[in-house]
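The structure appears right after this line, and notes come after that.
The numbers here are math on the coordinates, done by the rules we state, and not lab data. Owing to the predicted nature of the structure, the values given are computational and were not obtained by experimental measurement. In this analysis, Cβ positions are derived from the backbone assuming ideal geometry, glycine residues included, and neighbour counts consider all displayed protein chains.
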Amino acid sequence: MTIGKIIDGKLFAAGLRAQVAEGVAAFADAAGRKPGLAVVLVGEDPASAVYVRSKGKMTVEAGMESFEFKRPDSIGQEDLLDLIEELNEDDRVDGILVQLPLPAHINEAAVIAAIDPAKDVDGFHIANAGKLAVGEKALVPCTPLGCLMLLKDELGDLSGLEAVVIGRSNIVGKPMAQLLLQESCTVTVAHSRTKDLASVVHRADIVVAAVGRPEMVKGEWIKPGATVIDVGINRVPALEEGKTRLVGDVATAEAISHVRAITPVPGGVGPMTIAVLLRNTLVAACARRG
Ligand code: GUN
């Protein structure tokens, strides 16, 4: 039995952050200021708070300015839109990230639409999604761009390969499909209504799983030699009473003997997201400076 390679996303992300830090130093020399990233966190969701802390720390480590805005769950939509308007106008701020999900009484689409597309380092604004779709230069969502970087590092040229993206979210599935199409892959987007997912997955040279269902993709579904990117981060009960552990959307232990390479959970795609966010912030800073 051959065993596939485990893609070390943590190592790749560290390399990318180091590269970004060099670019940041060069920007600061030329511009006389650091690039700045503003992160807005609404409410007390513990997972979001962990991400935001980690983002702030890595932003500073990369040599950038980090601005954090914590607002209570009870914030009204108008007040949140006012904050975004302030950040749009603030010249020290090159990137604005509003941590999702937002509380139910806030219209997420309206908040995203309020962000200056030039500062939309998440790439969620319709202007950036549209540019990506037509192949214009855009700020691209961090997680799918990180997945693409890992794929190109592993496979080189992706042209002509069969890619199956499982999941059709605006944050991962749809932009991932656009990126793979740009690389001249033959792209299928599968989702919860897809019939016979096993056979759809089985034709893929590249599988990107982003559905948020623990170990849903079974090892035997994977075509021998395929490369698998597992975007899922699912918390499930561990064997030890009262403990939990993280698993992806792919049954990794089964898949490992089928794949050429696979990203682990944790330590695969996860670390890439923040590294790409820092990269996007530097890109936005350079573009704003002209
Ligand atoms: N929540 C989970 N992932 C993300 C992300 O990539 N960006 C934002 N803004 N919120 C998230």
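Laid out as a table, the results:
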{"read-out": "Cα pair distances in the stretch 39-147, grouped into 10 Å bins until the bin that holds the longest one, percent each", "value": "13, 45, 36, 5"}
{"read-out": "Per-residue [θ]222 nm for the chain (sum of -39500 (n - 2.57) over DSSP H runs n ≥ 4, rounded to 500)", "value": "-13000 deg cm²/dmol"}
{"read-out": "Over the chain, relative contact order from alpha-carbon pairs under 8 Å, at least 6 apart, %", "value": "23"}
{"read-out": "Pairs from Lys57/Lys137; Lys152/Lys195; Lys131/Lys174 whose Cα-Cα separation, in the structure shown, is over 25 Å", "value": "Lys57/Lys137; Lys152/Lys195"}
{"read-out": "Diffusion constant of the stretch 199-288 at 37 °C, which comes from Stokes-Einstein with the Kirkwood Cα-pair radius and 0.692 mPa s, µm²/s", "value": "230"}
{"read-out": "With at most 16 other Cβ atoms within 10 Å, longest stretch of the chain clear of loop GluC sites (Glu not before Pro) (DSSP)", "value": "137-239"}
{"read-out": "Stokes-Einstein translational diffusion, the chain - Kirkwood Rh over all Cα pairs, 0.692 mPa s, 37 °C, in µm²/s", "value": "166"}
{"read-out": "Sequence-distant residues sharing a close amide H with Ala190 (under 5 Å, placed H)", "value": "Val165, Ile166, Gly167"}
{"read-out": "Long-range amide H partners of Val98 with built H, under 5 Å", "value": "Val40"}
{"read-out": "Per-residue ³J(HN,Hα) for the stretch 198-211, Karplus 6.51 cos²θ - 1.76 cosθ + 1.60, θ = phi - 60°, Hz, x for Gly and Pro", "value": "4, 6, 5, 5, 5, 8, 8, 7, 10, 10, 10, 9, 9, 10"}
{"read-out": "Whole-number D in µm² s⁻¹ for the stretch 29-74, Kirkwood Cα-pair radius fed into Stokes-Einstein, 37 °C, 0.692 mPa s", "value": "285"}
{"read-out": "P(r), alpha carbons of the stretch 141-270 - 10 Å bins starting at zero, rounded %", "value": "14, 48, 31, 6, 1"}
{"read-out": "Euclidean distance between Cα centres, the stretch 179-227 to the stretch 45-89, Å", "value": "34"}
{"read-out": "Rounded tilt (10° steps) of 142-155 against the dominant C-alpha axis of the chain", "value": "50"}
{"read-out": "Nearest 10 degrees, 0 to 90: helix 270-289 Cα axis against the chain principal axis", "value": "40"}
